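Participant: Before we start, here is the structure in question, set down as structure tokens.
Rule-based calculations on the coordinates, nothing more; no lab input. Quick caveat: nothing in here was measured; it's all calculated off a predicted structure. Virtual Cβ from ideal backbone geometry, glycine too; neighbours counted across all protein chains shown.
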Amino acid sequence: MDDLAAMLELCCRTRELQASDLGFDLEFRPHPSAGAIHSVHTLVQREIDEDWMYYDAQAHQLVSLPGTSAVANVARNAADELVPATNASLIALVAEPDKAAAKYKSPGSLIWRDAGVLLGYFSICAEALALSFCPLGITGQPMLGRDLDEQGRLCGVGMALLGRTHLG
Amino acid sequence: MAIHVVGGFYEERCTRPAWSHTFGSGGRAAAAIATYGTEVIFHTYTSPKSQRYLEMVAAAYKLDIQTNSIERAVAFSYLHDLANPHIAHVPPAPSRAAPLQIQQDNVVRFGMLEGNAIVQAQWAVYDPQNQEAPVAFGANGSHAKHLALVLNSWEAQQMAGLPEGDAQTCACKIAQEQHAEVVIIKQGAQGALVWANQRATQVPAYRTQNVWKIGSGDCFVAYFAQAWMEQKLAPTVAADFASRATAYYVDTKGFATPETLETAHYPPISPKNRQLPVVPKKVYLAGPFFHLGQIWLIEQARTLLQSTGLQVISPFHDIGLGTAEDVVPLDIQAIKDCDLVFAAVDGLDPGTIFELGYARSLDKPVVIYSEVQVGTESLKMMQGTGCEIYANFTTAIYATRWRAVES
Ligand SMILES: Cc1cc2nc3c(=O)[nH]c(=O)nc-3n(C[C@H](O)[C@H](O)[C@H](O)COP(=O)(O)O)c2cc1C
């Protein structure tokens, strides 16, 4: 948990807020985002059978999303097929395109860029903290989209595994 | 030249708005000064757990650190950012850690709960921090050629031994007794009084859209120190800079750089009346009080408004429950007599909404606190009649204080 906290702190924690008239505050986090909007959210399943936890970057807290363990397990199985790492924490990047659309006409490409930047930052921070980080190269659809939110406001934009480097 | 900061590195948690960080006065001041561009060496005590965190903070803000180890770091927890904190893991006086010794040109020193710092400096800025009995800079053998003290009103009265004393009298007495070149007394919405060269000058506070209170005092000290010791600005100019840079922190929770501060515009709060004696402004406190949660809120709001010298008329406290014939004429008269209204609107209590509508029809300013209703249709009439509406409790309290000094 300390490793995960350190990782989220270094990569994602909100450093500064700025009022805006978009309906939410703009945020400055260590990693950049188009328009300081941060429409890509980070979810974590620490262990199999646990619910997804949402990272609240302003409060620096993980908030459990009740009733999501089944969909999280489906995502974990998909991850396992690519890289078996039962003890790793599963990280999911979930975009909320409407948030970016509050400012931009065609937010699509911006969201992919945000997701890419975030994965890059995770990799660098994991290196600094001597952790293992492995982006999975899959979007996580439909587990992170329709399966999580029936109204279709969310969209999976990446998954990754985070664990302790195994020495020896 | 580098600035050495010595002070606490403490865990901080706030329930609403949700926040958790390890900063403390020392850590926050160090981060603020370093972000502004001055090299910082931060001296503090750390536990094994907080040491790990400090290394991260040091990397993020580019601080040099010098630490002495203790078993557990002091931890603060706040229900909201204007509440008095619970403070855990404070060692009893006899078992505090051995004092840190700092001999440098420029030093910022905060009082600490787990230890102490003995400072020998050319230039020093000192914030005693101790809420029970503020300790003089020199009491532990510390010495500085040029010394500035940053105090709040209560600390100043305690240090001066004048429990009822006005700021200027206290500042003058403290400067003399403690050989301080500068004494600054923070006065909330009124800004700060700066005593230097045998003269008192007032610098304003600056108005912001949001108010985040935890750490604002630390930032003020940090920015004053940066401006006075590094930029060598005159004390009043440095204090005015500190007030503006602190506004940036209070607004954004972030630390200013020269560039971001340049583009941020905060209007100064200009008190209408500085003549003494100041007649306290009357705030009518509108809000339901039918169950404990509601009464709790009224109680908090009343205490916080009174603590800055406002006179609060609270129907719960000052009029009470009764029949319509008994209480309503008194409520109405109190609205007519007040200077402005603070209204707690969550729950949409009809009595409260009637009161604030009545007040608006008399052209009294109304500040609304509503966490739940903000952005919904329910507040349309209030929005359309010029009420100030805030979802954040602390911001609403501050907006009321600012309105009061400006009206
Ligand atoms: C009652 C009280 C005592 C404190 N004592 C210390 C202290 O001894 N040393 C220190 O570095 N910070 C101390 N702090 C500062 C806290 O760690 C925290 O940084 C501070 O509350 C931030 O808010 P402020 O700048 O508005 O005071 C104290 C705060 C309070 C409210």
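Participant: Kirkwood hydrodynamic radius, segment A:55-102, all distinct C-alpha pairs: what's the number in Å?
Facilitator: Numbers: mean 1/r = 0.0767 Å⁻¹.
Taking the inverse mean of 1/r over all distinct Cα pairs, segment A:55-102 comes out at 13.0 Å.
Participant: Then there's this: If you build the Cα gyration tensor of chain B and take the root of 5 times each eigenvalue, what three semi-axes come out, in whole angstrom, biggest first?
Facilitator: Details: eigenvalues 318, 106, 79 Å².
Whole-Å semi-axes of the equivalent ellipsoid: 40, 23, 20.
Participant: Go ahead and collect, in residue order, the members of segment A:21-52 whose backbone nitrogen is under 18 Å from a label point 7 Å along the Cα-Cβ direction of A:Ser106.
Facilitator: A:34-35
Participant: In terms of modelled amide H atoms, which long-range or inter-chain residues lie less than 5 Å from the amide H of B:Ile313?
Facilitator: Sorted by chain and number, the residues that satisfy this are B:Val283, B:Tyr284, B:Leu285.
Participant: Going Cα to Cα from B:Lys145, which aspartates and glutamates come in below 18 Å? Please leave out same-chain ones fewer than 8 positions away.
Facilitator: The qualifying aspartates and glutamates are B:Asp105, B:Asp127, B:Glu177, B:Glu181, B:Glu230.
Participant: Given H placed on each backbone N at 1.01 Å, which residues far from B:Val135 in sequence or on other chains put an amide H within less than 5 Å of it?
Facilitator: Close amide H contacts, sequence-distant or interchain: B:Asn130.
Participant: Could you tell me how many degrees, from 0 to 90 and to the nearest 10, lie between the Cα long axis of helix B:48-61 and the main elongation axis, the longest principal axis, of the Cα atoms of chain B?
Facilitator: Here the helix axis deviates by roughly 90 degrees.
Participant: With label points built 7 Å along Cα→Cβ from the Cα atoms of A:Arg153 and B:Glu164, find their separation and express it in nm.
Facilitator: A separation of 5.8 nm, rounded to one decimal place.
Participant: Given R₀ = 56 Å, FRET efficiency for A:Gln61-B:Thr323 by Cβ-Cβ distance, to 0.05?
Facilitator: 0.70
Participant: Can you give the angle from 0 to 90° between the axis of helix B:393-406 and the longest principal axis of chain B, with both taken from C-alpha atoms, to the nearest 10?
Facilitator: Around 80 degrees separate the two axes.
Participant: Then there's this: What is the antiparallel percent of DSSP beta bridges lying wholly in segment B:3-263, to the nearest 5?
Facilitator: Around 30 percent of the beta bridges assigned by DSSP in segment B:3-263 are antiparallel ones.
Participant: Cα to Cα, under 30 Å, and not fewer than 8 places away if on the same chain: which lysines meet these conditions relative to B:Lys336?
Facilitator: Once the sequence-local lysines are set aside, what remains near B:Lys336 is B:Lys272, B:Lys281, B:Lys282, B:Lys364, B:Lys380.
Participant: Quick one: if you stick a label point 7 Å off each Cα along the C-beta vector at B:Thr201 and A:Ile48, how many nm between them?
Facilitator: According to this spin-label approximation, the distance is 7.0 nm.
Participant: Right, another one. Taking only Cα atoms of the protein assembly as shown, what ratio of Rg to Rh do you get with Rh as the Kirkwood inverse-distance radius?
Facilitator: 1.00
Participant: What FRET efficiency do you get for B:Leu79 and B:Gln306 if R0 is 22 Å and r is their Cβ-Cβ distance, rounded to the nearest 0.05?
Facilitator: Rounded to the nearest 0.05, the efficiency is 0.75.
Participant: Which three extents, in angstrom, do the Cα atoms of segment B:290-354 have along their principal axes, listed largest first?
Facilitator: 33, 26, 18 Å, listed from the longest principal axis down.
Participant: Further, regarding this structure: Full-extension gain between B:Gln122 and B:Ser69, please, as 0.36 nm times their residue separation minus the C-alpha to C-alpha distance.
Facilitator: 16.3 nm
Participant: State, to one decimal in nm², a quarter of the convex hull surface area for the C-alpha atoms of segment B:209-343, i.e. the direction-averaged projected area.
Facilitator: Here the figure is 10.9 nm², rounded to one decimal.
Participant: How much of the DSSP bridge set in the protein assembly as shown is antiparallel, in percent, rounded to the nearest 5?
Facilitator: Values: 45 of 98 bridges.
If I count the DSSP bridges inside the protein assembly as shown, around 45 percent turn out antiparallel.
Participant: Spelling out what I want: for every residue of segment A:92-98, take phi, set θ = phi - 60°, compute 6.51 cos²θ - 1.76 cosθ + 1.60 (Karplus), and round to whole Hz; glycine and proline get x.
Facilitator: After applying 6.51 cos²θ - 1.76 cosθ + 1.60, I find 10, 9, 10, 8, 10, x, 4 Hz.
Participant: When only alpha-carbon atoms are used, what values of Rg and Dmax, in angstrom, describe segment A:3-164?
Facilitator: So, for segment A:3-164, Rg and Dmax equal 14.9, 45 Å respectively.
Participant: Now a separate question. Between segment B:115-133 and segment A:39-83, what is the separation of their alpha carbon centroids in Å?
Facilitator: First find each Cα centre; the distance between them is then 46 Å.
Participant: Next question, about the same structure. In whole Hz, what ³J(HN,Hα) sequence does segment B:237-250 give by Karplus (6.51, -1.76, 1.60; θ = phi - 60°), x for Gly and Pro?
Facilitator: So the J values, rounded to whole Hz, are 5, 5, 5, 5, 4, 4, 5, 6, 5, 5, 4, 4, 5, 4.
Participant: Shifting gears a bit: Using θ = phi - 60° and the Karplus form 6.51 cos²θ - 1.76 cosθ + 1.60, what ³J(HN,Hα) does each residue of segment A:14-19 get, whole Hz, x for Gly and Pro?
Facilitator: 5, 9, 7, 10, 9, 4
Participant: What is the helix-to-structure angle for B:167-178, meaning the angle in degrees between its Cα long axis and the longest Cα principal axis of chain B, kept from 0 to 90 and rounded to the nearest 10?
Facilitator: Helix B:167-178 sits roughly 20 degrees off the main axis of chain B.
Participant: Let me ask something additional. Quick one: among B:His291, B:His43, B:His317, which has the greatest mean-square fluctuation in a GNM of chain B with alpha-carbon springs under 10 angstrom?
Facilitator: B:His291
Participant: Whole angstrom only: what separates the Cα centroid of segment B:1-53 from the Cα centroid of segment B:353-367?
Facilitator: 44 Å
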